[in-house]
Amino acid sequence: MHCKIEATTANPIHRLREEGWCIVEGVIPEAECEKIRQGIYDVAKANRKNYAIEGLTFLPAFINYNQSYAKYIADPNVLDIVKGIFGPHPRVSYTSALINEPGNKRGAWHADWPFNQQKAGHIPSPYPLDVIFHLTTLWMISPFTIENGGTLIIPKSHLKPTNPTCKPEEDWTQPLDGEMNATGPSGSVLILDSRMWHATAKNSSDTPRVGLAIRYAPWWLNLDILMPGSEERKMMVDKPGLSENEVPRLKHEVYNNLTKETKPLFHHWLHTR
Ligand SMILES: O=C(O)CCC(=O)C(=O)O
């Protein structure tokens, strides 16, 4: 297992716990990234959601539209780390395409679900325990560089008991002390504790930055609130009229074509409750 080390230890799980992030290089061969990049870009653009921020294309449940990267989601270089944290039965919670066009604006600092305090389903801050509940992984289908806007992160911010979504009235788009761009060659995977403060960086290159956000959850984290039509979502989001991310159900034909290693990560998305 290769993990780019910039801390004191070679163990990526230890590093995730201490620093809140690590990068695993070479998960998808670079030549393969070249082949799948345009397809991901085209499909994401063609199905872009109109609520996406200007300069960004965002498409949830991307696995339903394009499966060119699907087998890598179960790649042991990533999955062994995920299992090392969550145990033997992790689940994929999100597969989203992220296209950052040249000239996009810098985004606001935030932590991801279930720590985003503006979403109906969230763990209220101050978080009671230092526990990794959810992992956000950002897949570099393009190389991530400082110029094209490698994700902005603040190492160790996962250890804070809260995050900027607690105070949405403040402007969180400004630089903060300790920030850095996470960079790597195409085919690398940035793994973040979802509590980590992070933000979209400006793409100052002349080429779109193509990425995927794939998130992993432990078996015990209830994901039903994300699923349109679920009983949880009706009660907690629709009825009170609150905001929440949407992860539509997985299409059966897509599930049937996944590899045997990938299927267990997605089985829960076949059904709503
Ligand atoms: O595109 C990026 O670099 C950051 C994406 C992000 O902030 C997110 O998916 O929560």
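Here, each number is a calculation from the coordinates, and none is a lab measurement. Keep in mind the model is a prediction, meaning the values are calculated, not measured.
Regarding the chain, what are the three Cα extents along the principal axes, ordered largest first, in Å?
For the chain, the Cα spread along each principal axis is 43, 42, 38 Å.
In Å³ and rounded to a whole number, note down the convex hull volume per residue for the Cα atoms of the stretch 142-188.
Numbers: hull volume 4.9 nm³, N = 47.
So the per-residue hull volume is 104 Å³.
Classify the stretch 38-124: rounded, prolate or oblate, from the alpha-carbon gyration tensor (a ≥ b ≥ c, eigenvalue square roots; a/c under 1.5 rounded; otherwise prolate if a/b is larger than b/c)?
Values: a/c = 2.11, a/b = 1.21, b/c = 1.74.
Oblate is the answer for the stretch 38-124, as a/c is 1.5 or above yet b/c matches or exceeds a/b.
Below 8 Å between Cα atoms, with a sequence gap of 6+, how large is the relative contact order for the chain in percent? Each step should come with its number before you reach the end.
Numbers: 588 pairs, mean separation 74.1, N = 273.
About 27 percent, as a whole number.
Normalised by the empirical 2.2 N^0.38 Å for globular proteins, what value does the Cα Rg of the stretch 96-170 take?
Working: Rg = 14.0 Å, N = 75, 2.2 N^0.38 = 11.3 Å.
Computed over Cα atoms of the stretch 96-170, the ratio equals 1.24.
How big is the gap, in Å, between the Cα center of the stretch 123-187 and the Cα center of the stretch 61-91?
20
Pull out a ≥ b ≥ c, the square roots of the eigenvalues of the alpha-carbon gyration tensor of the stretch 154-273, then state rounded if a/c is under 1.5, prolate if not and a/b is larger than b/c, and oblate in the remaining case. Walk me through the numbers on the way to the answer.
Values: a/c = 2.05, a/b = 1.31, b/c = 1.57.
Oblate.
Given the -39500 (n - 2.57) contribution per DSSP H run of 4+ residues, what per-residue ellipticity at 222 nm results for the chain, rounded to the nearest 500 deg cm²/dmol? List each step's numbers first, then the result.
Numbers: 5 runs with 45 residues, N = 273.
Computed ellipticity for the chain at 222 nm equals -4500 deg cm²/dmol.
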